[in-house]
Amino acid sequence: MPEPRETAVYTHGHHESVLRSHTWRTAANSAAYLVPSLRPHMKILDVGCGPGTITADLAALVPDGQVTGVDREPEILERARDTAAERGLANVGFAVADVHSLDYPDDTFCVVHAHQVLQHVGDPVRALSEMRRVVKPGGLVAVRDADYEAMTWFPASEGLDDWLDLYRRVARANGGEPDAGRRLKAWALRAGFTDVTATSGTWTFATREERAWWSGLWADRTLASAYADRVRLGGHASEAQLRAVADAWRRWGEREDGWFSVLHGEILCRKDA
């Protein structure tokens, strides 16, 4: 297999506005398609684990097993270790790793899981091939990614249209694929899987509290995160345009009739026995 391309730049970074979203994620709201397949004894690899909230949930669901969370960023792994320690979990550990070249032997894990990872990597097929390599025969590779073009909202907003166009341009300039959700099955087949179950899932933000939370984190992310820095450095938008997008997010969040849905593609890939 050829050497992997350089991993794409992670568009979001780990600003507080990003972690506000990442630490909200749980196995229930982000890995429900996988949970019924878990068994207490399983050994799981959680790729791109970030602050570790999903990782910790997975560890609680396999009390007689072991979960390893990996991420490229050592600093975020400290947050993940704190998450596990706060929950008193003894069957979870963390390590630095690159999904393009995982430092584990063939056939090591019962399940390899990745949530919102493949949209950010330079070679998603290579990443899936690596996940396939380290999962045991008969084991599962479980992947879920958002599809930005398929996100939808009400009421109509030119400012949010501008946000979506800007985000997709920046993500692609960073080497990623923001519409990964619809591509997961195709990537899995190219990676050598023959048994692929493809589904979809959503997050919906419609209550006053949900709208305030979702609009607030995106308004802040638009102005203050690594994503905002990359917009500016890449010349993708002016400061005035960024402020206009952030204002549009806050106006939408204040609408009593506001509604936003995030579509995710999901795949469960079973490795040939």
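Given H placed 1.01 Å from N in the peptide plane, which residues other than close sequence neighbours of residue 107 have an amide H under 5 Å from its amide H? Distant-sequence amide H within range of residue 107: 134, 135.
Only Lys, Arg, Asp and Glu count, each charged at its Cβ (+1, +1, -1, -1), so figure out the dipole size of the chain about its Cα centre, rounded to 20 debye. Please report the intermediate quantities before stating the final value.
Values: 32 positive and 39 negative charges, 85 e Å.
The calculated dipole for the chain is roughly 400 debye.
Kirkwood Rh, region 33-136, all Cα pairs: how many Å?
Values: mean 1/r = 0.0739 Å⁻¹.
Across region 33-136, the inverse of the average 1/r is 13.5 Å.
Of the residues 244, 121, 31, the one whose Cα sits farthest towards the positive end of the charge dipole of the chain is 31 (charges of +1 on Lys and Arg Cβ, -1 on Asp and Glu Cβ, taken about the Cα centre). Averaged over its residues, the chain has an accessible area of 43 Å² per residue, based on protein heavy atoms and a 1.4 Å probe. Could I get the Rg over Rh figure for the chain? Both from C-alpha atoms, Rh via Kirkwood, rounded to two places. Expressed as Rg/Rh, it is 0.97. Stretched out straight at 0.36 nm per residue, the stretch from residue 190 to residue 250 would grow longer than its current Cα-Cα span by 17.5 nm.
Roughly speaking, to the nearest percent, how much of region 106-216's 1.4 Å accessible area is carbon and sulfur?
Numbers: 1930 of 4200 Å².
In region 106-216, the share of accessible area belonging to carbon and sulfur is 46 percent.
For the pair region 52-131 / region 147-167, the C-alpha centres are spaced 31 Å from each other.
Note on the chain: helix-only mean residue ellipticity at 222 nm, from DSSP H runs of 4+ residues weighted -39500 (n - 2.57) and normalised by residue number, equals -12000 deg cm²/dmol.
Placing +1 on each Lys and Arg Cβ and -1 on each Asp and Glu Cβ, with no other charges, gives region 1-155 a dipole about its Cα centre of roughly 440 debye.
Exposed loop sites are taken as GluC sites (Glu not before Pro) in a DSSP loop (any state but H, G, I, E or B) with at most 15 other beta carbon atoms within 10 Å; the longest stretch of the chain without one runs 7-253.
Modelled label positions at residue 96 and residue 75, each set 7 Å beyond Cα in the direction of Cβ, lie 1.3 nm from each other. With springs connecting C-alpha atoms under 10 Å apart, model the chain as a Gaussian network and identify which of 205, 260, 154 has the largest mean-square fluctuation. Looking only at 205, 260, 154, the biggest GNM fluctuation is shown by 154. Built from the Cα atoms of region 189-273, the convex hull projects on average onto 8.3 nm², one quarter of its surface area.
Both numbers refer to the Cα atoms of region 91-161; Rg and Dmax are 16.4, 50 Å.
A Förster distance of 35 Å, applied to the separation of the beta-carbon atoms of residue 172 and residue 60, puts the FRET efficiency at 0.45. Taking the Cα centre of region 42-95 as origin and assigning +1 to Lys and Arg Cβ atoms and -1 to Asp and Glu Cβ atoms, the resulting dipole is close to 120 debye.
The values are calculated or read from the model by the stated rules, or taken from the named source; none is laboratory data. All of these numbers come straight from a predicted model, not from anything done at the bench. For neighbour counting, all protein chains shown are included, and Cβ atoms are generated from backbone atoms with ideal geometry for every residue, glycine included. Please note that ligands, DNA and RNA were not included when accessible areas were found on the heavy atoms of the full protein model with its side chains. Shrake-Rupley method; radii C 1.70, N 1.55, O 1.52, S 1.80 Å.
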